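Here the structure comes first, spelled out in structure tokens, and everything after it is commentary.
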Amino acid sequence: MRAFMVRLPSGAGYWTVLDEELAVVPFADAFLRHLRFGRDGAESTTRAYAGAIALFLRWCARTGKDWQAGAEQLGLFMTWLAHAGPAASGIDAEPGAVVLAGPGAVPARSARRVNAVLTAVRGMIVHAVTEGTAPGRLVRLLFEVADDADLPAAARGEDGSPGWRVRARHRLHEPQRPVDRAADADIVALLGGCCSARDRLIVLLMARAGLRRGEALGLRRGDVHLLTDSRELGCEVARAHLHVVRRDGNPNGAVAKSRRERAVPLDFLVVQAFDSYEFERMGVPAAASGDFVLSRHPDNTYCPEPGVIRTLSPEAALEQAFFAGEVRIIFWL
Ligand SMILES: [Zn+2]
């Protein structure tokens with residue numbers, strides 16, 4: 001059982017699940033296709049869900065159950081998820097590999113990850129029931145239904161008729177951990193480690209303008225308005241800013257996560273970083289025709305100095321470069 005990417009002739013893609021014979025698993029595929037095209041979910045969502053469903057089906061296969069019997073025992077699946085590392089839960093696990101976890105063993109997956117896997121599995125089961133390919137009793141095993149008689153009057157419906165509420169029965173408690181953002185000193189140290197204007201722009205776009213890596217990667221040159229007054233360009237937003245626009249089907253695979261377009265104000269540091277990057281980029285003739293702000297040409301990926309992009313091989317795609325940059329920032333927290 002493995003997740004697998006399907007690219008349709010239209011260019012749109014989604015992830016599905018293949019079985020050991022590399023055949024599509026029909027009920028999983030129906031759900032993932034519905035998620036992508038019926039609910040307009042992101043390709044990355046179907047990827048995460050397909051991975052989670054593949055895990056569930058691997059557990060079913062390795063414990064000798066069909067998937068409906070597995071759905072009746074999600075509690076056991078949760079225990080397996082928490083303790084089965086790659087050697088027992090991976091695609092290439094040895095046949096007969098067993099989970100051995102003693103007291104004090106570090107869990108293989110966090111509570112948050114287990115809950116995320118369960119969300120995908122529940123979605124698939126409910127979809128199969130809705131389509132009529134699985135018995136309806138499975139849904140009752142997944143959700144707890146309660147009426148609202150125990151709620152205060154203010155929280156009940158206005159017309160006095162009984163209401164119902166539903167919650168998932170299988171769920172781990174996720175410990176709250178406060179997020180510690182990078183201090184200015186961390187960002188400065190990171191900037192000091194950069195070896196090119198492009199790297200510095202990447203760091204500043206994420207640190208000062210708060211862009212996600214997919215958003216920075218998807219920036220087109222027309223999205224950046226660095227003038228004090230951009231009305232000449234047909235934009236009413238005052239001062240230097242850039243527009244984060246979600247575009248599906250970017251050739252470099254970048255997707256802005258949010259569907260809502262937004263304008264992000266830029267301070268003088270980021271504007272200066274744009275300036276010096278522009279000079280650097282002008283020195284790479286092949287980058288001139290590219291519409292992306294961050295050109296895919298290896299203009300400075302070969303940089304010999306230590307820096308954000310240093311750990312990457314020259315063949316690494318820009319996406320990976322961003323990933324390395326982001327991982328570094330997270331590690332520096
Ligand atoms: Zn604008």
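Laboratory data are not the source of any read-out in this text; all were calculated from the coordinates shown. The model shown is predicted, which means the values in this text are computed figures rather than measured ones. Counting neighbours? That spans all protein chains shown, and the Cβs are built from the backbone with ideal geometry, glycine included.
Close amide H pairs (under 5 Å, H built 1.01 Å from N) link residue 242 with 225, 264, 266, residues at least 5 positions away or on another chain.
As a proxy for reagent exposure, 271, 145 were ordered by neighbouring Cβ count within 10 angstrom, fewest first; the result is 145, 271.
Each residue in 31, 268, 56, 292 was given a count of other beta-carbon atoms within 10 angstrom of its own, and listing them fewest first yields 268, 292, 56, 31. Given a Förster radius of 35 Å and the C-beta distance between residue 126 and residue 105 as r, what FRET efficiency does 1/(1 + (r/R0)^6) yield to the nearest 0.05? After rounding to 0.05, the efficiency reads 0.60.
Counting other beta carbons within 10 Å of each Cβ, put 37, 274 in order, fewest first.
On the way: 37 13, 274 19.
Arranged by neighbour count, lowest to highest, 37, 274 become 37, 274.
Around residue 293, which amide H atoms from residues at least 5 apart in sequence, or from another chain, sit under 5 Å from its own amide H, with H modelled in the peptide plane? Under 5 Å from the amide H of residue 293 lie the amide H atoms of 219, 220, 221, each far enough along the sequence or on another chain.
Working ranking of peptides 230-241, 117-128 by packing, defined as the average number of other Cβ atoms within 10 Å per residue, highest first, is 117-128, 230-241.
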